[in-house]
Amino acid sequence: MPVEGVRRPAWAEISRSAIAHNVATLASMLGETKLCAVVKANGYGHGAPLAAKAALAAGADSLAVAIVDEGIELRGAGVSAPILLLAEIPPETVPDALSHSLTLTVGSLAGAHHAVEVAARLGGLHRVHVKVDTGMHRMGVDPAEVDDVVDVLLAEPTIDFEGLYTHFSVADSPDVDQRAFTEHQIQVFFDTRARLAARGVVPRVVHAANSAGALGYPEARLSMARVGLALYGYLPDPWLAGALERTGAVLEPALTLRAHVVAVRRLAAGERPSYGRRRALAGPATIATVPFGYADGYPRRLFEAGAQVLLKGKRYPLAGTVTMDQILIDCGDDEVAVGDEVVLLGRQGDEFISAEEWAQRASTITWEILCGIGARVPRVFAD
């Protein structure tokens with residue numbers, strides 16, 4: 001297991017009230033559609049058990065993860081809610097998944113046979129969802145082969161064919177052609193569902209919408225929506241704010257990265273702090289060392305991109321290259337002391353640094369920023 005830096009003055013603060021607010025906001029928008037909280041990748045960097053329990057306490061109906069180990073971790077943390085595996089898993093891991101009451105995704109005919117074989121051996125009743133590939137082309141059953149897969153599952157009494165779903169590839173894009181492709185995916189999925197219904201096969205849970213789909217495509221909300229990024233307070237793309245603005249609601253980022261200054265020194269103009277000596281100080285400056293580096297999820301490229309941190313409610317730039325365990329802050333002529341609190345992501349005073357800001361500076365996406373927060377950074381509830 002990774003070691004958490006609990007003896008180090010750097011931590012991630014997770015707001016239970018922000019997650020609860022986001023669940024309530026999204027649930028209100030979804031109406032009768034059930035909310036599945038996606039907590040894979042360590043809860044998008046927020047800590048999976050923390051995020052899962054906060055979401056369920058706020059009214060989420062179920063959870064979703066990517067791999068068996070993530071589901072087992074949640075069961076070990078005392079989570080009893082339904083947990084959907086969002087991909088077809090290797091055959092050798094199916095017994096572990098079913099013995100921990102994880103809901104399987106079947107994405108192939110071979111996967112259906114593996115699920116049936118293990119379920120029959122274990123006995124009981126085991127939930128399965130079939131994933132249909134409507135255009136993402138990453139994993140899933142071709143629409144033309146869905147009937148064959150479903151027949152295999154329906155023939156086994158230990159299988160509960162509970163769900164049918166698909167996944168959108170460009171639902172976050174405002175581009176006209178991409179929106180047309182998402183509509184195409186929706187129609188392919190609807191046609192597949194209708195074909196099954198015509199033969200009397202009607203799964204209890206039908207889902208297609210991720211966060212972007214839930215916000216931007218009301219017709220795709222169906223009986224359940226899988227909400228990931230929005231659960232943690234971020235929009236997949238700014239254009240999707242419209243769905244919330246119509247109700248006057250906003251999402252609240254749930255994560256704040258905090259640290260304490262651990263060293264302070266005064267340097268002369270021309271000095272070049274950190275590895276590579278990449279930038280000379282324009283004038284005399286007070287330099288503060290903060291114990292958070294790229295091994296903790298602070299992207300190295302943020303130095304050249306002009307990233308800033310918050311100290312005493314004010315923005316300050318980095319003074320040199322991001323190192324594995326630390327960053328250096330150029331505080332100019334302002335007073336700073338060991339123990340002063342620094343906010344790397346989040347709010348301090350009237351200033352706010354978002355994961356979206358990091359993503360824009362680092363030429364990446366918000367998901368990667370949040371998921372990149374290192375395992376050695378402790379996650380603690382802020383409220």
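The values are calculated or read from the model by the stated rules, or taken from the named source; none is laboratory data. Keep in mind that what you see is a predicted model, and the values were worked out from it rather than measured. With ideal geometry, Cβ positions are generated from the backbone for all residues, glycine too; neighbour counts draw on all protein chains shown.
How about the range 41-115: which strands (runs of 3 or more DSSP E) wholly inside it have at least 3 residues that are over 22 Å from LEU255 (Cα atoms) and touching a residue at least 24 places away in the same chain (Cβ under 8 Å)?
102-106
Only one of the numbered conditions (1) closer than 29 Å to GLU252 by Cβ; (2) out of contact with any helix residue (DSSP H, G or I) (no Cβ under 8 Å at 6 or more places or on another chain); (3) in a loop (DSSP other than H, G, I, E, B); (4) assigned by TED's automatic domain parsing to the domain that holds GLY163 is violated by ALA24, and that is (3).
Against the definition (surrounded by 14 or more Cβ atoms within 10 Å (Cβ to Cβ), in contact (Cβ under 8 Å) with a residue 60 or more places away in the chain, among the charged types (D, E, K, R) and not in a loop (DSSP other than H, G, I, E, B)), how does ARG347 come out, yes or no?
Working: surrounded by 14 or more Cβ atoms within 10 Å (Cβ to Cβ): yes; in contact (Cβ under 8 Å) with a residue 60 or more places away in the chain: yes; among the charged types (D, E, K, R): yes; not in a loop (DSSP other than H, G, I, E, B): yes.
Judged against the criteria, ARG347 is a match.
Would you confirm, using the coordinates I've provided, whether ALA355 is surrounded by 21 or more Cβ atoms within 10 Å (Cβ to Cβ), closer than 22 Å to ALA282 by Cβ and among the aliphatic types (A, V, I, L, M)? Spelling it out, it is not the case that ALA355 is surrounded by 21 or more Cβ atoms within 10 Å (Cβ to Cβ), closer than 22 Å to ALA282 by Cβ and among the aliphatic types (A, V, I, L, M).
Across the range 298-311, the number of residues qualifying as surrounded by 16 or more Cβ atoms within 10 Å (Cβ to Cβ) and closer than 16 Å to GLY332 by Cα comes to 5.
When the range 147-168 is filtered for residues that are buried (at least 17 other Cβ atoms within 10 Å of the Cβ) and over 27 Å from HIS100 (Cβ atoms), only PHE168 remains. Note on the range 262-314: among residues that are assigned to a helix (DSSP H, G or I) and of a type in the set (Ser, Thr, Tyr), the one that is nearest to LEU345 (Cα to Cα) is TYR294. When the range 146-192 is filtered for residues that are within 29 Å of LEU215 (Cβ to Cβ), among the small types (Gly, Ala, Ser) and out of contact with any Leu (no Cβ under 9 Å at 6 or more places or on another chain), the ones remaining, listed by number, are SER169, SER173, ALA180.
With respect to the stated conditions, VAL118 is of a type outside the set (Gly, Ala, Ser), touching a residue at least 12 places away in the same chain (Cβ under 8 Å), touching a Pro at 6+ places or on another chain (Cβ under 9 Å) and not in a loop (DSSP other than H, G, I, E, B).
Can you give me the number of residues within the range 355-383 that are part of a loop (DSSP other than H, G, I, E, B) and either assigned by TED's automatic domain parsing to the domain that holds LYS53 or not small (Gly, Ala, Ser) (or both)?
In the first step, residues of the range 355-383 are kept if they are part of a loop (DSSP other than H, G, I, E, B); the result is 362-365, 372-378, 382-383.
Still in the running and either assigned by TED's automatic domain parsing to the domain that holds LYS53 or not small (Gly, Ala, Ser) (or both): 364-365, 373, 376-378, 383.
Residues in the range 355-383 being part of a loop (DSSP other than H, G, I, E, B) and either assigned by TED's automatic domain parsing to the domain that holds LYS53 or not small (Gly, Ala, Ser) (or both): 7 in total.
Among the residues of the range 150-170, those identified as part of a helix (DSSP H, G or I), in contact with a helix residue (DSSP H, G or I) (Cβ under 9 Å, 6 or more places away or on another chain) and over 15 Å from PHE189 (Cβ atoms) are ASP151, VAL152, LEU153.
Can you find even one residue in the range 144-157 that is in contact (Cβ under 8 Å) with a residue 12 or more places away in the chain, in the same structural domain as ALA209 (by TED's automatic domain parsing) and in contact with an Asp or Glu (Cβ under 8 Å, 6 or more places away or on another chain)? No, every residue in the range 144-157 fails to be in contact (Cβ under 8 Å) with a residue 12 or more places away in the chain, in the same structural domain as ALA209 (by TED's automatic domain parsing) and in contact with an Asp or Glu (Cβ under 8 Å, 6 or more places away or on another chain).
Remark: pairs (first residue in the range 272-295, not assigned by TED's automatic domain parsing to the domain that holds TYR316; second residue part of a strand (DSSP E or B); Cβ separation under 9 Å; 6+ apart in sequence or on different chains) are absent. When the range 131-143 is filtered for residues that are free of Cβ contacts under 8 Å to residues at least 40 places away in the same chain and assigned to a strand (DSSP E or B), only VAL141 remains. Within the range 329-374, the set of residues being within 15 Å of the chain's Cα centre (by Cα) and among the aliphatic types (A, V, I, L, M) comprises ALA355, ALA359, ILE365, ILE369, LEU370, ILE373.
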